[in-house]
Amino acid sequence: MADTAVVAAAPAAADVPAGQEHKYQFSIVMSCGGCSGAVERVLKKLEGVKSYEVSLDSQTATVIAEDSLPYEKVLKTIAKTGKKVTKGEADGEEKSVEVPKDE
């Protein structure tokens, strides 16, 4: 079983006009393949995710998302797996990893 999963369902970034997508990066505490698998499963189901890469080795997840999918929703979805997110970035800018409360 590979420690990194890459799923691409979108054209290359160069083919997408600027402002049409976001790149979100997360550092996540994952101790086993089940942990990374849980993160992969929730990202796979999240509407607006164009592609993602989850790496157990580097403890990271990178998500390419449609413009309509906010960083906070991706963060909240990953947090629902019970994994701790220690760092987050949206389009190269560091963001809070505090999970937004349900309203």
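The set of residues in region 55-71 being crowded, with 16+ Cβ neighbours inside 10 Å and of a type outside the set (A, V, I, L, M, F, W, C) consists of Ser55, Gln59, Thr60, Thr62, Tyr71. Consider region 72-84 and keep the residues that are surrounded by 16 or more Cβ atoms within 10 Å (Cβ to Cβ) and either of a type in the set (Gly, Ala, Ser) or in contact with a Leu (Cβ under 6 Å, 6 or more places away or on another chain) (or both). The one that is farthest from Val42 (Cα to Cα) is Ala79.
Is region 57-66 home to any residue that is more than 20 Å from Pro100 (Cα to Cα) and among the small types (Gly, Ala, Ser)? Within region 57-66, one or more residues are more than 20 Å from Pro100 (Cα to Cα) and among the small types (Gly, Ala, Ser). Here Ala61, Ala65, Ala90 are screened, and the one residue that is in contact (Cβ under 8 Å) with a residue 40 or more places away in the chain, of a type in the set (Gly, Ala, Ser) and touching an Asp or Glu at 6+ places or on another chain (Cβ under 8 Å) is Ala65.
Scanning region 60-103 for residues that are of a type in the set (A, V, I, L, M) and within 13 Å of the chain's Cα centre (by Cα) yields Ala61, Val63, Ile64, Ala65, Leu69, Val74, Leu75, Ile78, Ala79, Val85, Ala90, Val97. Within region 22-41, being closer than 23 Å to Glu94 by Cβ and surrounded by fewer than 21 Cβ atoms within 10 Å (Cβ to Cβ) holds for His22, Lys23, Gln25, Ser27, Val29.
What do you reckon, is Asp3 more than 18 Å from Glu93 (Cα to Cα) and modelled with pLDDT of 95 or more?
Values: more than 18 Å from Glu93 (Cα to Cα): yes; modelled with pLDDT of 95 or more: no.
So Asp3 does not fit the description; no.
The values are calculated or read from the model by the stated rules, or taken from the named source; none is laboratory data. Please read all numbers here as calculations on a predicted model, not as lab measurements. So basically every Cβ, Gly included, is an ideal-geometry build from the backbone, and we count neighbours across all protein chains shown.
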